[in-house]
1. Check segment 204-212 and report whether any residue there is over 30 Å from ASP339 (Cα atoms), part of a loop (DSSP other than H, G, I, E, B), within 17 Å of the chain's Cα centre (by Cα) and outside the structural domain of GLN42 (by TED's automatic domain parsing).
2. Within segment 240-273, which residues are assigned to a helix (DSSP H, G or I) and acidic (Asp, Glu)?
3. Would you pick out the residues in segment 20-37 that are on the phi < 0 side of the Ramachandran plot, out of contact with any helix residue (DSSP H, G or I) (no Cβ under 9 Å at 6 or more places or on another chain) and either part of a strand (DSSP E or B) or at pLDDT 95 or above (or both)?
4. Can you tell me which residue in segment 95-108 is farthest from TYR80 (Cα to Cα), limited to those that are in a loop (DSSP other than H, G, I, E, B) and in contact with a strand residue (DSSP E or B) (Cβ under 6 Å, 6 or more places away or on another chain)?
5. What are the residues in segment 109-168 that are in a loop (DSSP other than H, G, I, E, B), touching an Asp or Glu at 6+ places or on another chain (Cβ under 7 Å) and touching a residue at least 60 places away in the same chain (Cβ under 8 Å), if any?
6. Here are some conditions: (1) under 29 Å from GLU214 (Cα atoms); (2) within 24 Å of the chain's Cα centre (by Cα); (3) of a type in the set (D, E, K, R); (4) surrounded by 11 or more Cβ atoms within 10 Å (Cβ to Cβ). GLU142 meets all but one. Which one does it not meet?
7. Within segment 222-238, is even one residue surrounded by fewer than 22 Cβ atoms within 10 Å (Cβ to Cβ), closer than 15 Å to ASN351 by Cβ and in contact with an Asp or Glu (Cβ under 8 Å, 6 or more places away or on another chain)?
8. Scan segment 353-364 for residues that are surrounded by fewer than 19 Cβ atoms within 10 Å (Cβ to Cβ) and aliphatic (A, V, I, L, M) and jot them down.
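The values are calculated or read from the model by the stated rules, or taken from the named source; none is laboratory data. Just so you know, these numbers come straight off a predicted model, no measurement behind them. Quick reminder, even Gly has a Cβ in these numbers, built from the backbone with ideal geometry, and neighbours come from all protein chains shown.
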Amino acid sequence: MTDLFFYGTLRDVRLLEIVLGRTAAATPAQLPDHAVVEALGQSFPLLIARDNATADGILVRDLSDNDIARLDFYEGAFDYALVSVTVDTDEGAADALVYMPPVGRWPEGEAWSLDAWQDRWGEVSRRAAAEAMGRYGQQSGESVRALLPFFRNRAWAQVIAAEGAPQTLRTSRTVADIEMRPAEGGYDGFFRLKPFHLRYPTFDGGMSEELRRECFVAYDVSLVLPYDPVTDCVLLVEQLRFGPIHRGDPVPWVLEVVAGMVDAGETPEEAALRETREEARLDLTRLIRVSGGYASPGYSTEFYHNFIGLCDLSESAARFSGGLDEEHEDIRNHVLRFDDAMRLIETGEINAVPLQMLLFALMARRPELRADA
């Protein structure tokens with residue numbers, strides 16, 4: 001049996017239970033001559049040596065080999081290592097192990113607060129941990145580490161979704177009225193395919209038969225159509241897309257809007273601004289929210305946050321290539337007049353529905369935007 005001292009996110013009782021797969025008793029403990037500080041740009045803290053400081057935490061005793069294996073699997077995503085320490089408790093000094101971060105990996109920030117972390121990151125981290133630990137015994141820690149940012153993005157989409165939408169026309173029923181349980185099979189990777197069984201209340205007052213279905217679990221995405229009201233030009237993004245390849249389309253390069261995942265902790269607006277800088281090298285002067293909605297609610301969780309972004313698309317400002325090398329993006333940008341873009345819808349060359357939708361949304365707003373330019 002092993003005793004461990006936890007100073008960071010695993011002080012959150014619900015997160016610790018997810019990682020261990022069981023409940024565990026914990027007692028308050030402190031590690032002298034150490035401090036817990038923020039890892040700048042990250043959602044977790046660092047434990048650092050600091051004279052005359054005290055790191056608050058919890059001591060969990062009698063952890064089994066299986067407990068340690070599960071913790072190694074989870075903490076391995078952060079490259080932490082177990083080291084021996086002596087902590088203070090109400091019952092006196094106690095020897096324990098603690099997961100220490102690699103020295104110098106992340107810049108150090110201010111003092112870390114568990115309460116502040118729980119408010120901002122707690123729910124996202126618990127949901128992401130549940131997905132990660134669901135792969136324990138099936139995938140390696142390294143593969144899970146590579147996917148962890150995407151687990152967090154999926155979890156963040158669930159947090160955003162919890163806000164819901166009005167029910168003025170729709171039924172007053174909610175997800176609580178649906179009977180659902182998981183089914184065998186599926187796929188867990190960058191995307192997820194989740195099979196399930198469900199029964200749901202029908203509009204005639206009865207209940208449906210039990211059905212087996214699958215859902216494609218994706219992400220929230222921000223979409224931006226850059227528009228210059230002075231020149232009356234829009235910027236379109238061209239890149240290779242895999243969907244058309246597998247549909248049998250002979251030309252799988254697609255004209256689209258600027259688009260990208262909403263990263264965990266970001267607002268859709270922040271994601272829109274970031275993606276426009278990355279894909280089009282543009283700084284927007286104004287971001288206009290058009291709508292938000294599901295891309296294909298029959299079988300996918302993917303949700304679009306749609307924007308028009310005002311900017312300068314003059315010859316001196318436009319950038320005709322973009323994207324990030326580390327994300328393997330090969331992007332060509334096209335600046336063309338609004339009327340020319342609309343004609344590409346008529347010819348069928350613009351065959352991405354989000355771009356069509358945002359061009360029609362711009363058409364409705366265009367007179368006012370041009371008048372104010």
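1. No, because not a single residue in segment 204-212 is over 30 Å from ASP339 (Cα atoms), part of a loop (DSSP other than H, G, I, E, B), within 17 Å of the chain's Cα centre (by Cα) and outside the structural domain of GLN42 (by TED's automatic domain parsing).
2. So the first thing to find is which residues in segment 240-273 are assigned to a helix (DSSP H, G or I), and the list is 242-247, 268-273.
Once the filter is applied, which keeps residues that are assigned to a helix (DSSP H, G or I) and acidic (Asp, Glu), segment 240-273 yields GLU269, GLU270.
3. Restricting attention to segment 20-37, the residues satisfying the condition of being on the phi < 0 side of the Ramachandran plot are 20, 22-32, 34-37.
Subset that is out of contact with any helix residue (DSSP H, G or I) (no Cβ under 9 Å at 6 or more places or on another chain): 25, 27-32, 34-35, 37.
The answer is THR27, PRO28, ALA29, GLN30, LEU31, PRO32, HIS34, ALA35, VAL37.
4. TRP106
5. Across segment 109-168, the qualifying residue is only TRP112.
6. It fails just one condition, (4).
7. Yes, the conditions are met somewhere in segment 222-238.
8. VAL353, MET357, ALA361, MET363, ALA364
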